[in-house]
1. From the C-alpha coordinates alone, can you work out the Kirkwood hydrodynamic radius of the chain, in Å?
2. Using Cα springs under 10 Å in a Gaussian network model of the chain, which residue among 112, 88, 54 shows the largest mean-square fluctuation?
3. Normalised by the residues of the chain, what does the relative contact order come to in percent, with Cα pairs under 8 Å and at least six apart?
4. In 5 Å bins starting at zero, report the fraction of Cα pairs in the range 117-214 per bin as a rounded %.
5. Where does each of 45, 38 land when they are ranked from fewest to most other beta-carbon atoms within 10 angstrom?
6. If only Cα atoms are counted, what is the Rg of the range 120-170, and what is its Dmax, in Å?
7. Counting other beta carbons within 10 Å of each residue's own, what order do 43, 115 fall into, fewest first?
8. Taking the chain as a Gaussian network, Cα atoms linked when under 10 Å apart, which of 67, 184, 173 shows the biggest mean-square fluctuation?
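Each value in this text was obtained by applying a stated rule to the coordinates, not by laboratory testing. Keep in mind that what you see is a predicted model, and the values were worked out from it rather than measured. FYI the Cβ positions are ideal-geometry reconstructions off the backbone, even for glycines, and counts take in every protein chain you see.
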Amino acid sequence: MTDKLQVWLDRLSAAAQADLEARNQARDQALNKSRELIRLCSSAIRAGHRDIWDEANDLLTQAEAVGREMQALLAPFPDLFYAGYTQDALKELVEARITLALISDGDLPALDALSVPHNTYLNGVCEAASELRRRCLDVMRRGAMDEAERLLAAMDAAYEVLMSFSYPDAITGGLRHRVDQLRGVLERTRGDLTNSAQMQRLLRALEDAETHAA
């Protein structure tokens, strides 16, 4: 019995060692790719805000390639694929893709284009909607109020849809908290846009008054 047990334990040890070593290597590689993916997505969004579209699109293409590599790497290990750091990186990819599409008024991606779980996708859309505040403020400074209104409408539309998902955080990946944050961002942006529009109307009225006085 002792010899049989030892043989069984040796086989178990060898199988477990091989499995855990493969998982550990996949995890280390996925962590590196997730960091690279987040960096590329952040850089792509910054380039888009600066209207450097060739750079933004190139960075986004690189990010999507890294995302596919990470997904392929973790395909044999579903538990690692659904780990927090993996989904955070994929969320950043969705955010970058949607943000660039919205600020350029371009085509939105097909829902299955990124092969991302729906809860991760929704969180990425939520963060993209919040990211539009920066673009709104930029175009308001240039006096492009129609463009600011378009972006605010996009934020509002995203919020209306996202707030309808009332599932537990364990199911949505913390979506409710992000939607609450988006509501605050949306209201501040709406207030800034209203104040800016009122200021522009006042300036036009003063200019008209000066013209008529002259």
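1. Hydrodynamic radius (Kirkwood, Cα pairs) of the chain is 19.9 Å.
2. 112
3. In percent, rounded to a whole number, it is 16.
4. Calculated over all Cα pairs of the range 117-214, the distribution is 2, 13, 21, 17, 13, 10, 8, 6, 4, 3, 2, 1, 1, 0 percent.
5. Least to most surrounded, the residues fall as 38, 45.
6. For the range 120-170, the Cα-based Rg and Dmax read 12.9, 43 Å.
7. 115, 43
8. 184
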